Each structure stands twice: as C-alpha cells, then as structure tokens.
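Okay, structure first, notes after.
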Amino acid sequence: MIEEEQVVNAEPKRKVFLETYGCQMNFADSELVGGVLRRHGYEKTEDPALADVLLLNTCAIREHAEDRVLGRLSELLRYKYARPSIRLGLLGCMASHQRERLLERAPYLDLVVGPDGYRNLPELLADAGDPLVEVRLDRGETYADLAPDHAPGPRAWLSVMRGCDKFCTFCVVPYTRGRERSLPADAVLEQVRSAVQAGKREVVFLGQTVNAYQEGGVDFGELLRRTAAVDGLERIRFTSPHPSDVDPSMMEAMAHEPKVMPYIHLPLQSASNPILKAMRRDYEIEEYQILLDRLRKEIPGVAVSTDIITGFPGETEEDFQKTADFLKQARYDFAYLFKYSRRERTKAYALGDTMTEEEKGRRLRQLIEQQEVISGEIYRTRIGEIVEVLVEGPAKRPDGWVVGKTRDFKTAVFDGSGLTVGELVQVRVVSATSHTLKAERL
C-alpha cells in the first residue's frame, strides 16, 4: 500500500529548490523526493533565490556530468553566503560515487545523500549540525510504499526496480545504486492506478536493467500484461532493458498487448566480441544479431534504438570498424552515441585510457554521421502515413504547434489548435528530418 503520509504542518512552509541531472531514473527519484518533502511540510520553488533548501540530484555516469554539478554548486553557494541558514545538499549517484572526496571538493555542503537515503531526508534537513553524509546502500529499499509527486504532463515515470547486478566494466551503477531489487507487482500496479487517476495516459517503467524484473513469481512480461489490464491507461513503455534479459515472456507481451508500445531500446555498446568481453556484456555480437532479428520478426512495426561507446580501453581500429559496419546494417531508428568516460571504482578504470580524446571524438563523429543518414531515411519512410500521437505540450516552434510521441517513440510536431496535453490524435506525416516528423491533423 502506497503511504500517503499526513502533511506535517509548518508555518510558514519551507521552500525547496530541486534540480536534476542525468538519466530518467534520477528524474523519477526527484519526483519521489518531492513527495517525501511535501508530506513533511516543504513547498517546491523554481527560484533558488526563494529557497530555504537547495538540492541537486546528480549523475555519475560521466566525468563531464560531475564537473557540471560542481560548477552549479559553486553558483548556488552565493545564496548560502547571503543567507547562511540555507541548507545546500547533493543527492544521487554522485553522492555515492564521490563520497570520500565530496566534502573536500565542496566543504560548504550541508548534506550528501545517496539514492537509498531519500526516506530520511526530512530528518537530515532538520539537523542543523555538522555536514551529514547518508550514502549507505540498502538492498531492502525500494520505496514501494512512498508515492512520488509526478511532474506535469501525460506520462508517469515509475521505477519498478532499483540497482544492477550486471557489473559491466565501464559502469558505476552497481556501486552507486546497489544490487538489483524489484518492487512487488501489487505496489507497481497501485502506482499505475494512482497515475491514471491523476490524469496520466502513459506509464514508463524504469530500471537499470528493467527487464530483469522478478518479484514473487512475476516476471517482466507478466508485469506488462497485468499493467495492460489497468482501465484508463493508454500506453506502456519501459527503459532500459538488457539484451541478455530479453525473454519470450517479454516479447510475447510486446507482440500481443496493444497498450505496450512497439519500441525497444536495446543497448549494443560495441559490435566487437573482444570489446564486448572486456566490457563484460554477457553476449557476443552474433547472439545480439539473432535477438535483434527475432524482435523485428515477432513484434510488428517495432522501432529499435541503441547505445554505443567509442574509445573503450583497447579498442582497435578493427574493433571500431566492426561497430561502424554493424551500425550501418542494423539500421536503428536512432542511437545514443558516447565517448568512453573513465570512472573510478569500475573494473575498466585500471585499464587506463588507451586512446586520445581526439581519436575518441573522431570515431564518435563518424558514428553520428552514419546514424544521422540512417535515421533520416527511416523517418522519411513515414511520410504519408497516418500515425497516433500523444500530445505532450507546446512545440518549440512555430507558435501554436504541439509536440508528442508516436506509438514507436518518434517525435512529431503539428498544429495544436484546440488540443490539450494528454490527447491522442491521429495525424498524417507530411515531411521528416533525422529527428522529427512534421504532420497535419486529419
């Protein structure tokens, strides 16, 4: 049962400013934090100048992300100088990853809280003593009983599992978020129903390896099927699955449940078997190809995206070319492409950096150029088709247009006169770029 704690009366209410960096799991965690603090008498503000509490929810996947956070903390410090009573805190994966050095690098912090410490935030904020560090990993913490405060919009992000047991050698997540644990299916379904009652049309299940979900005899495919039975829910998505955990139950749910959207993110990382082995990815490229072919055969119209890392330690030109060649033939709808970032506490850290940043960048640019062409070709095949779009809000341009997602997770823009957020609209695609479908209403 989701616990809706009685709001603690506080006069006047303390204002909290919360800024989020990184993956969608972090944004979902910020919604969880928002709910916890609201029920303890805090009020959210978008203006740090008005806040009594300043919090940054952080990412540790890449060094650049941590550098950005430290820069932002320095900017926020001026508010604490002006009002020393302000509490300045850092949450999330960076708190876990940098716990030994964080107070040395940012001694002005009042609290440092990892992903398993959010339940204790009200008590930590109430303690005005020395800086507080709460970064212990808790294998029993799922927050299943705490309701998040969802952000506006038609979509609800729901963490159905936490942590990761894969230990890919480039990744800090098992060290910052702990081992895998899944929420009970009944708790997930209760959160889904609550989201629908709040006006959400779509839910997105989150997990570092979301399709490894397993709790009380319910696997991920069964969770999708049970969720599809929730009245009033229109769409179900999930991210990010791991190729090794894609099983017949999950594929059957994707193929036969109309509410489960025909889109899957299937991280590749590399198409070279020696690099995949060094990354500890638990599959070879031949196995990945068989899985990709099977998904496209069994799930009608499925769109597929991926992740690829360039410049992993030891990646030769031959290794890279195998990845570039695979990217051409795999023809992903789109791809998230990155340079390798060396992270302390990972297995790959000891390997050092065997490639210059310039060479990593060259390889990355080549993949981006390839994928831009492929995405453009795929998107242009949709011209003339009628597609269903969930309206998410105003488009950046032109005025009066709206933006939304198709069933296969493509961005579409069109004239939104008379439409409201959350409507499902049938539109005809009239033109396309490598990233966006331009459409007209029927």
Among residues of segment 36-47, those that are crowded, with 21+ Cβ neighbours inside 10 Å and either farther than 22 Å from residue 86 by Cβ or not hydrophobic (A, V, I, L, M, F, W, C) (or both), counted | 1
Expected output for segment 117-138 (first residue free of Cβ contacts under 8 Å to residues at least 12 places away in the same chain, partner surrounded by 16 or more Cβ atoms within 10 Å (Cβ to Cβ) and hydrophobic (A, V, I, L, M, F, W, C), Cβ below 9 Å, 6+ apart or cross-chain) is 127/111
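Mind listing whichever residues of segment 371-405 are in contact with a Lys or Arg (Cβ under 6 Å, 6 or more places away or on another chain) and under 21 Å from residue 308 (Cα atoms)?
So the first thing to find is which residues in segment 371-405 are in contact with a Lys or Arg (Cβ under 6 Å, 6 or more places away or on another chain), and the list is 374, 386, 388, 390.
Hit for segment 371-405 is 374, nothing else.
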Within segment 358-406, how many residues are among the charged types (D, E, K, R) and in a helix (DSSP H, G or I)?
-> 10
Name the residues in segment 142-154 that are within 19 Å of the chain's Cα centre (by Cα) and either more than 21 Å from residue 89 (Cα to Cα) or free of Cβ contacts under 8 Å to residues at least 24 places away in the same chain (or both), would you?
-> 142, 144, 147, 150, 151, 152, 153, 154
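Kindly provide the set of residues from segment 28-62 that are of a type in the set (A, V, I, L, M) and modelled with pLDDT of 95 or more, ordered by number.
28, 32, 33, 36, 37, 49, 50, 51, 53, 54, 55, 56 - these are the residues of segment 28-62 that are of a type in the set (A, V, I, L, M) and modelled with pLDDT of 95 or more.
Quick one: count up the residues across segment 19-44 that are within 21 Å of residue 172 (Cα to Cα) and part of a helix (DSSP H, G or I). Before the answer, list the steps.
Quick first cut of segment 19-44, residues within 21 Å of residue 172 (Cα to Cα) only: 20-30.
Of the ones still in play, those that are also part of a helix (DSSP H, G or I) are 24-30.
Qualifying residue count, segment 19-44: 7.
Matching residues to (1) outside the structural domain of residue 215 (by TED's automatic domain parsing); (2) buried (at least 16 other Cβ atoms within 10 Å of the Cβ); (3) modelled with pLDDT under 95:
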{"position": "78", "(1), (2), (3)": "yes, no, no"}
{"position": "89", "(1), (2), (3)": "yes, yes, no"}
{"position": "115", "(1), (2), (3)": "yes, yes, no"}
{"position": "121", "(1), (2), (3)": "yes, yes, no"}
{"position": "139", "(1), (2), (3)": "yes, no, yes"}
{"position": "143", "(1), (2), (3)": "yes, yes, no"}
Just give me the residues in segment 170-197 being out of contact with any Ser or Thr (no Cβ under 6 Å at 6 or more places or on another chain), hydroxyl-bearing (Ser, Thr, Tyr) and either in a helix (DSSP H, G or I) or farther than 18 Å from residue 239 by Cα (or both), in sequence order.
-> 175, 194
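The values are calculated or read from the model by the stated rules, or taken from the named source; none is laboratory data. Only a predicted model underlies this, so the values are computations on that prediction, with no experimental measurement involved. Glycine gets a Cβ as well: all are built from the backbone with ideal geometry, and neighbour counts include every protein chain shown.
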